[in-house]
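Contents: one structure, followed by commentary.
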Amino acid sequence: MWQFVEFWIWALVALAIAIYATLAIVARRRGFRLREARLARARLAARRHTKYPIVLAHGWFGFDAVALPGLRQEYFRGVRAALEDHGNEVLVPKVSPVASIKRRAEQLSDQLSRYDVDRVNIVAHSMGGLDARYAITHLGMAPRVASLTTFGTPHRGTPLADRGLLLGDDSWVRKMLSMTGPDMDGLRDLTVRRMEAFNESVPDVPSVTYMSYLGWVEPGAGAVNRLLQPGYRFLNRCAGHNDGLVPASSQRWGDVLGSAQADHWAQIGWSRGLDAPAFYLGLVQTLARSGF
């Protein structure tokens, strides 16, 4: 009888030891995984450059860079150098300044396909965000784009484009532009009505993360470039907060990451009110912390 009891006592002891050892191993592994997770989060938080290259996409009437004897200025003024100084790979395509969204998107897609990279993060200003959206949805670029972040982009059009069309084909503005040879399809595309149709025909692609920053200037809170002031006053009356060219309400797309007190040109370093290199560096570090 005693031998039978002794057997079960030792069996229970062995079982208890086995359970304890198993729990200890699980706890150790869980602790290891938690430490690894914390370290991974810390590495992401400390990362100053993105996993994928940054593509800077310029807006309407934009350019990649202008070079003169002894002088070179880029559309994103000072931004490329600031990003590269922090270890980011930066690509800067060039599309037709005033062509239609479709034509500019085709040019953007063609240039992106030539880059020897797997995926990219597109950071676009103004109409450049619309070019990128079209290229992602309709031109097969979705597999190569990890994220699209827009700043000052007229996703829902701008009343200034509608007003520009009301000037008529005989206006002096059109005559001046026609002397340089550009078509005006880009301006037509940015009307409120055309952008409503654009948004219906260009849905977001689930595999791409869409984000946006908003730019505007509070009345009396900051300077607006003198050349933008007529548009700024007009949009204040008919659309509220704006950057001199685009209403803030039109700039929202995807996840809104933040806003800046900056007119349309300050958003790329060509007007007062915003340290553009520092702003884009912060934007890119946000992408880096998110694993992009």
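For region 241-279, the residues whose amide N sits under 20 Å from a probe point set 7 Å from the Cα of ARG289 along the beta carbon direction are 254-261, 275-279. Global size of region 51-289: 16.9, 52 Å for Rg and Dmax (C-alpha atoms, Rg to one decimal, Dmax whole).
If I take R0 = 51 Å and measure r between the Cβ atoms of ARG194 and HIS86 in this structure, what FRET efficiency does the formula 1/(1 + (r/R0)^6) give, to the nearest 0.05? For R0 = 51 Å, the calculated efficiency reads 0.85. Of the peptides 254-263, 194-203, the ranking by mean beta-carbon count within 10 Å, highest at the top, reads 254-263, 194-203. Indicate the gyration tensor shape class of region 175-291 (rounded, prolate or oblate), computed on the Cα atoms with a ≥ b ≥ c the square roots of the eigenvalues: a/c under 1.5 is rounded; otherwise a/b larger than b/c is prolate and the rest oblate. Oblate, since a/c reaches 1.5 and b/c is not below a/b.
Where a number appears in this text, it was derived from the coordinates with a stated rule and is not lab data. Remember, predicted model here, so these are calculated numbers, not experimental data. Note: ideal-geometry Cβ built from the backbone for every residue, glycine included; neighbour counts use all protein chains shown.
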